[in-house]
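Please treat every number below as a calculation from the coordinates, not as lab data. Predicted, not measured: the structure shown is a model, and the values here were computed from it. In this analysis, Cβ positions are derived from the backbone assuming ideal geometry, glycine residues included, and neighbour counts consider all displayed protein chains.
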Amino acid sequence: MNALARSSYAIKAVGLAAPGLAGWAASMPVLSGAAPYVFSAETPYAPTLLPPNERRRATAAVRQAFRAAEDAIGGAGGARDLASVFASSDADMAVLHRICAALAQEPRIISPTDFHNSVHNAASGYWSIAVQSMAVTTTLSAYDASFTAGLIEAAALARDRAGDVLLVAYDASAPPPLSVKRPLALSAGVALILGPADGATAAPFGRIALELASGGESQCALPALEGLRSGNPALRALPLLELMAARRAASVTLRASGALHVTVRWTP
Amino acid sequence: MKPLAISSYTVTSALGRGRAAHVAGLRAERSGLAEQRFEDAQLPCWIGAVAGIESVNLPRELAAFDCRNNRLAEVALAQDGFLDAVADARARCGAHRIGVFIGTSTSGVRHTELAYRERQAAGTEYLPDWFNYRTTQNTFSIADYTRLRLKLEGVTVAISAACASSAKVFASAARAMESGFCDAAVVGGVDSLCLTTLYGFNSLQLVSAEICRPADAGRKGLSIGEAGGFALLTRAPASGSAACLGCGESSDAHHMSQPRPDGAGAVLAMRAALGVLAPERVGYINLHGTATPANDAAEDAAVTTLFGTEVPCSSTKGWTGHTLGAAGIVEAAFSLLVREQGFMPRSLNTREKDPALRAAVLLAARAQPVEYVLSNSFGFGGTNCSVLFGPAP
């Protein structure tokens, strides 16, 4: 536990993509409580970093991941050198639906593009192609705790590499009939770039320290955002993003697996 | 990375249940693959099925997790004293200090296929009531099942990076332990037969109608198998004992379903796994060796770039088939068995080595002590992972 208590991470960039939260910059006034939350459906998104062939083949979930990741990267460049962690509970349920529906009929014909898009790490693969990165990338799922699991992996990876890591948490809502079984209210993505923090490290979006905890999951400070938080695994990050937007030093607790939680202490 | 002790490990595949069945299969050069159909699949191919999965019962309190993939996990966990080894670690470290890192590519998708088939037959819009998405189809299901079955409360995650999934669990677990998120880790991988992968790989023309023949001049593609395997990783291995010494991960940044032909991504992963160990110290490489024309050529380019043409290597896909998300843990188990047995398996089913391949692919088994073994796993999305096993310093 000592290693945990000592570890602090600098947040270098933030990205956000959700209905009514179109990008981090535009969302800051909403997340800090300075402006009201107004629902607004997301417009279709064409990832700017993907080559045309891959852009054409990218699925809704991949686009959702890119929307958040590209918001975090901005025009900054340097994405090629970043290790990355992609955290998604369900990857692309529209692809899953098409494949399982096709296999339930004769003749059983699966689209080869659907098949290669069906892997959970599709977004990670497209990302490495988009930014021409040969660095470590990993893809994980922890159901509704996928953001927390991604944050743990990204923190461990940043410490291991002594370098910056891009974390992208994203999930796209399911088409029927899967939507009945896995009702995600909305599609969303959250991205963070974090690196090990020492006194000299620039931390334009503050610093976080992580500690394992046994309970007490935080809700959103703003009641209007609570439905978003519970409506998509990526948006379990919202209580943390609220602190960052308001630049308020405080802790939030996120659910991990089982009874395990993680307390994230944010400081400017 | 700091060396991690392999306190216990186990593997179940078409070769049988547990390590002894795998040693026997390797030594007898008896493949677990058979020319048979998986359920009502129509494709002519060979598959590596684990016998008896259909009749496995999960513990009653975990009945909601019932599906082919979790049944395979249940069988695999019960072999080689693994349950007891984890129970000991739990008593020593505390349930909340043992992490769970499980690789899978398709989790319980067979269950979803069955639900869709019933929906189609019934002509209804809805999936049947018995279909529980979270505990079967969702990628995390297998990790959650493993955690609950082992009564662990630590950090738990499913790593799903296609066919590198259960190699990457070693890297994630090592990082989490190093950062203090846990003191020990159960790593593993489980992937089970389903129509999605059979028809999916077939749509890419990667499934061979004959038994897979890695590195063969006439190789036609892969044979799909299913498997489950687990290892218990702890800190501070005793000097000389079997340890995980390094993990390397990289991306090809090339294509979603084709490896980078020059193997440059794989070279990065292998080099990172070696760390400071000189390549010539490696005594055996367990190749990813899927028997697709593209994989074996790219991997050969990578291996010869880093190791030259002398290090003995072979693919064990001829025994088990390509077990996809479980390939990493199955081949980790083979790598550990190679060290224990002082026995390097040949490339099974390889009749005539492709003259374009330059690596020292074993065409006959070799009895010889081996210290350091490297295991390769590569996957769709251009993801690469290599893991180094050897004696703890």
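So how compact is the range A:85-190: Cα radius of gyration and Dmax in angstrom?
In Å, with Rg to one decimal and Dmax whole: 15.6, 53.
Run the numbers for B:Arg27 and B:Glu39: contour at 0.36 nm per residue of separation, minus the present Cα-Cα distance, in nm.
Values: separation 12, 0.36 × 12 = 4.32 nm, distance 3.01 nm.
Length gained between B:Arg27 and B:Glu39: 1.3 nm.
With +1 on each Lys and Arg Cβ and -1 on each Asp and Glu Cβ, and nothing else charged, work out how big the dipole of the protein assembly as shown is about its Cα centre, in Debye to the nearest 20. Spell out each step's value before the answer.
Details: 56 positive and 55 negative charges, 126 e Å.
With only Lys, Arg, Asp and Glu charged at Cβ, the dipole is about 600 debye.
Helix A:60-73 versus the longest principal axis of chain A: what angle, 0 to 90°, nearest 10, using Cα atoms?
30
When you count, for each residue, the other Cβ atoms within 10 Å and take the mean per peptide, how do A:142-151, B:258-267 rank with the highest first? Please report the intermediate quantities before stating the final value.
Working: A:142-151: 26.8, B:258-267: 21.2.
Averaged packing, sorted descending, gives the order A:142-151, B:258-267.
Which FRET efficiency value, to the nearest 0.05, is calculated for B:Ser241 and A:Glu217 with the Förster distance at 45 angstrom and r the Cβ-Cβ distance?
0.65
Between A:Ser111 and B:Glu125, what FRET efficiency comes out of the Förster formula 1/(1 + (r/R0)^6) with R0 = 25 Å and r the beta carbon distance, rounded to 0.05? If you can, show how the numbers build up before the last one.
Values: r = 23 Å, r/R0 = 0.90.
The pair B:Glu125/A:Ser111 has a calculated efficiency of 0.65.
If you wrap a convex hull around the C-alpha atoms of the range B:185-311 and split its volume per residue, what is the figure in Å³?
143
Between Rg and the Kirkwood Rh of the protein assembly as shown, both from Cα atoms, what is the Rg to Rh ratio? Display every interim value, and only then the final one.
Numbers: Rg = 23.1 Å, Rh = 24.4 Å.
Using Cα coordinates only, the ratio equals 0.95.
Using the Cβ atoms and a cut-off under 10 Å, what net charge is assigned to the surroundings of B:Thr135, where Lys and Arg are +1 and Asp and Glu are -1? Mind showing how you got there, number by number?
Values: positive: B:Arg134; negative: B:Asp66, B:Asp144.
That sum, taken over residues with Cβ under 10 Å, equals -1.
Which parts of the range B:125-166 would a label at B:Asn57 reach, counting a residue when its backbone N lies under 17 Å from a point 7 Å out along Cα-to-Cβ?
The answer is none.
What net charge do the residues around A:Ser214 carry, taking every other residue with its C-beta under 15 Å from that of A:Ser214, with Lys and Arg at +1 and Asp and Glu at -1?
Neighbour charge sum, excluding A:Ser214 itself: -1.
Multiply the residue gap between B:Glu118 and B:Ala209 by 0.36 nm, knock off their C-alpha separation, and tell me the result in nm, one decimal place. Write out the running numbers ahead of the final one.
Details: separation 91, 0.36 × 91 = 32.76 nm, distance 2.91 nm.
Gain on extension, B:Glu118 to B:Ala209, equals 29.9 nm.
Check cross-link reach from B:Lys353 to the lysines: straight Cα distance under 17 Å, and skip same-chain residues fewer than eight apart.
B:Lys220, B:Lys317
Give me the distance in nm between label points sitting 7 Å out from Cα along the Cα-to-Cβ direction at B:Gln368 and B:Ala294, one decimal.
Once both label points are built, they end up 3.3 nm from each other.
Counting every Cα pair in the range A:3-109, what percent are over 24 Å apart?
Numbers: 2418 of 5671 pairs.
I get 43 percent for the Cα pairs in the range A:3-109 exceeding 24 Å.
Would you tell me the mean number of C-beta atoms belonging to other protein chains that fall within 10 Å of each C-beta in B:133-143, as a whole number?
Working: counts 9, 6, 1, 1, 7, 10, 11, 11, 2, 1, 6.
For peptide B:133-143, the averaged partner shielding equals 6.
What area, in nm² and to one decimal, does the C-alpha convex hull of chain B cast on average over all directions?
Numbers: hull surface 71.3 nm².
Projected over every direction and averaged, the Cα hull of chain B covers 17.8 nm².
Once you average over the residues of B:171-178, how many Cβ atoms of partner chains fall within 10 Å of each Cβ? Walk me through the numbers before you get to the answer.
Numbers: counts 6, 8, 1, 2, 12, 6, 2, 4.
Counting Cβ atoms of other protein chains within 10 Å of each residue's Cβ and averaging gives 5.
Among bridges DSSP assigns within the protein assembly as shown, what percent are antiparallel (round to 5)? Kindly include the intermediate steps, with their values, before the conclusion.
Working: 74 of 107 bridges.
In the protein assembly as shown, DSSP labels about 70 percent of beta bridges as antiparallel.
Please list the non-local residues whose amide H lies under 5 Å from the amide H of B:Ser8, H modeled 1.01 Å from N, same-chain partners needing a gap of 5 or more.
HN-HN under 5 Å from B:Ser8: B:Leu232.
Where does the charge balance sit around A:Ser111 when Lys and Arg score +1, Asp and Glu -1, over other residues with C-beta under 15 Å from its C-beta?
Once positives and negatives cancel, what remains is +2.
State, to one decimal in nm, how far the label point of A:Ala162 lies from the label point of B:Glu178, with both points 7 Å from Cα in the Cβ direction.
1.1
Let me have the relative contact order for the range A:144-237, percent, based on Cα pairs under 8 Å that are six or more residues apart.
About 36 percent, as a whole number.
In whole Å, what are the Cα extents of the range A:2-202 along the three principal axes, biggest one first?
Taking the Cα atoms of the range A:2-202, the three principal extents are 63, 41, 36 Å.
Ignoring everything except DSSP H segments at least 4 long, calculate the 222 nm mean residue ellipticity for chain B; use -39,500 (n - 2.57) per segment, divide by total residues, nearest 500.
Working: 11 runs with 123 residues, N = 393.
Roughly -9500 deg cm²/dmol at 222 nm, from the helical runs in chain B.
Between A:Asp198 and A:Ala250, what's the calculated FRET efficiency when r is the beta-carbon distance and R0 is 22 Å? Round to 0.05. Write out the running numbers ahead of the final one.
Details: r = 22 Å, r/R0 = 1.02.
That gives a FRET efficiency of 0.45.
Taking Cα pairs under 8 Å and at least six residues apart, what relative contact order does chain A come out at, in percent? Please report the intermediate quantities before stating the final value.
Values: 597 pairs, mean separation 71.9, N = 268.
Reported as a whole number, the value is 27 percent.
If all Cα-Cα distances of the range B:243-391 are sorted into 5 Å bins from 0 onward, what percent lands in each bin, rounded to whole numbers?
2, 11, 22, 26, 23, 13, 3, 0
With +1 assigned to the C-beta of every Lys and Arg and -1 to the C-beta of every Asp and Glu, and no other charges, what is the dipole magnitude of the range A:2-202 about the Cα centre in debye, to the nearest 20? Each step should come with its number before you reach the end.
On the way: 14 positive and 15 negative charges, 35 e Å.
With only Lys, Arg, Asp and Glu charged at Cβ, the dipole is about 160 debye.
Could you calculate the contour length gain from A:Gln132 to A:Arg80, that is, 0.36 nm times the residue separation minus the distance between their Cα atoms, to one decimal place in nm? Mind dumping the intermediate values first?
Details: separation 52, 0.36 × 52 = 18.72 nm, distance 0.59 nm.
Fully extending the segment from A:Gln132 to A:Arg80 adds 18.1 nm.
Just checking the output field for B:242-255: average partner chain Cβ neighbours within 10 Å of each residue's Cβ? If you can, show how the numbers build up before the last one.
On the way: counts 0, 0, 0, 0, 0, 2, 1, 6, 6, 15, 4, 12, 5, 5.
For this peptide, the per-residue mean of nearby foreign Cβ atoms is 4.
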